[in-house]
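Peer 1: Below is the structure I would like to discuss, written out as C-alpha cells.
Every number here is computed from the coordinates shown, using simple stated rules; none is lab data. Remember, it's a predicted structure, so these values are computed and weren't measured experimentally. Cβ: placed from backbone, ideal geometry, glycine included. Neighbour counts: every protein chain shown.
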Amino acid sequence: MSGMLSERIAALRKERGLTQEQLGKMVGVSYQAVGKWEKGGAPDVELLPVLAAQLGVTIDALFGLDDGEQINIEDTLYRWMLTVPRNQRIDRLCRLIWSAAGAVISDKPENAIDISGYERCCETEDAKDGKPTRWLRRTRIAMEDGTVLGVRANDMSFAAIFPEPETGWEPFLEENNLYRRLFETLSKPHCLELLEYLHSKPPTMRRYTPGAIAKPMKLDVAEVKALMDTLTELNLLSKAELETEDGLISSYLLNSDEALVPFLYFARWLTTGGSGFLNAPYRKSPMLRGGKWKEKVD
C-alpha cells in the first residue's frame, strides 16, 4: 500500500511536469519531504486534500482508485494508515482524532476550530501559594452527544472519546460499591507499588507467587497474598493453585497488562489543576440525566 501511494505521487507529479521542489512549495513542505513520500514515506493525513488538489485528483486517486470515484473517508483513512510505519500508527491515530475534533464544536465548516496542533510538552508550571506546581495541559470538549477528553503534546498525548448512548450513561455504570472497593483496595499500603512491580515485567503469561513478589519488594508474604487475593476478587488478577512437592501454592496472573497505566494517567488528568488548551462546555444537560437524582419537572 505504501508503495502504491509513493508510485502514484511520483507518477502524477511527473505527468504534470513538476519537480519535487515545485510540488513541495505548492503543498507547503520541503522537496526532501516529497522525495521521502516517493521513496515509500507517507504524507501526514492533513496534507492529503492539499496534495490531491495540487495534483488535480481526488484523494482516492492518490491510492490508485478511479479519479471520479466517490471518496469513502473511512476506507481512505484505513488505507492511509497502512502506509504509516507500524511504530508510528498509534501516534498518528491520536493526531487524526485531534485533527477532526475541532469540527465537533463547530456549527459550520468555515467556523471549524483547529486544535490539531501539539504543544512541545504536556506540562506547564505555575506558582500556587508560593510553591511551583505542575499542571497538565488538558483538552476538554463537552457536547450534548458526548465528551472528548485528553492531552495534545509531543511528549505525551491521548484522546478519550465517549459518545453518549441514547439512554444516557447511567445504565452502563456499575454500582458505587464496586468503585468503593476498587479505590479502597488501591489505597491500601503497598497495593499500588505491587501493581507497579507487576507492570514493570514483560507482558507475558507469567504467574507469580506471593513469595516471589514479597522478596524483591521487601514485604511480608502474608500481606502480599492478602493484597493479591483482594485484587483477584476485583478481577485485576487471576488465581490458580499449583501443586508442588511441598503442597499446593497460590499463583497469580495479571488479567490486563494494558489498562492500569492509562487509568492512573487519567486519574492524574482528572485531579490536576489548570484550564488546559480548550474548554468547550457547550453541554447544558447534566452528565447523569436520570436515576434517583433526576429533577422533577412540573
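Peer 1: With labels modelled as points extended 7 Å from the Cα through the Cβ direction, what inter-label distance (nm, one decimal) is found for ASN87 paired with MET287?
Peer 2: If labels sit at ASN87 and MET287, their model points lie 3.7 nm apart.
Peer 1: Further question on the same structure: If Lys and Arg each add +1 and Asp and Glu each add -1, what is the summed charge of the other residues whose beta carbon sits under 15 Å from the beta carbon of PHE172?
Peer 2: Working: positive: ARG289; negative: GLU164, GLU166, GLU170, GLU174, GLU175.
So the environment of PHE172 carries a net charge of -4.
Peer 1: Defining a contact as two alpha carbons under 8 Å apart and six or more residues distant in sequence, what relative contact order in percent does the chain show? Write down the numbers at each step before the final one.
Peer 2: Values: 341 pairs, mean separation 41.1, N = 298.
14 percent.
Peer 1: Once the Cα gyration tensor of the chain is diagonalised, what are the square roots of 5 times its eigenvalues, in whole Å and ordered largest first, as equivalent ellipsoid semi-axes? Mind dumping the intermediate values first?
Peer 2: On the way: eigenvalues 420, 159, 80 Å².
Each semi-axis is √(5λ); the values are 46, 28, 20 Å.
Peer 1: Once you list every other residue whose beta carbon is under 11 Å from the beta carbon of GLU233, what net charge do they have if Lys and Arg are +1 and Asp and Glu are -1?
Peer 2: Values: positive: ARG181, LYS239; negative: ASP229.
Net charge around GLU233: +1.
Peer 1: Let me ask something else. May I ask for the net charge around GLN32, where only other residues with Cβ less than 12 Å from the Cβ of GLN32 are counted and Lys, Arg are +1 while Asp, Glu are -1?
Peer 2: Result for the local shell: 0.
Peer 1: In the range 27-60, whose amide N lies under 13 Å from the spot 7 Å out along Cα-to-Cβ of LYS14? List them in ranges.
Peer 2: Zone members listed by number: 38-39.
Peer 1: Using a Förster radius of 25 Å, what is the FRET efficiency between MET217 and GLU243 based on their Cβ-Cβ separation? Nearest 0.05, please. Intermediate values should be presented prior to the final figure.
Peer 2: Details: r = 26 Å, r/R0 = 1.03.
With R0 = 25 Å, the Cβ-Cβ based efficiency is 0.45.
Peer 1: Quick one: in the range 96-236, what % of C-alpha pairs are over 27 Å apart?
Peer 2: Numbers: 5165 of 9870 pairs.
The share of Cα pairs beyond 27 Å in the range 96-236 comes to 52 percent.
Peer 1: Please compute, for the alpha-carbon atoms of the range 176-254, the extent along each of the three principal axes and give them in descending order in Å.
Peer 2: Reported extents, whole Å, longest axis first: 43, 25, 22.
Peer 1: Run through all the Cα pairs of the range 2-84 and give the fraction in each 5 Å bin from 0, expressed as whole percent.
Peer 2: 3, 16, 30, 30, 15, 6, 0
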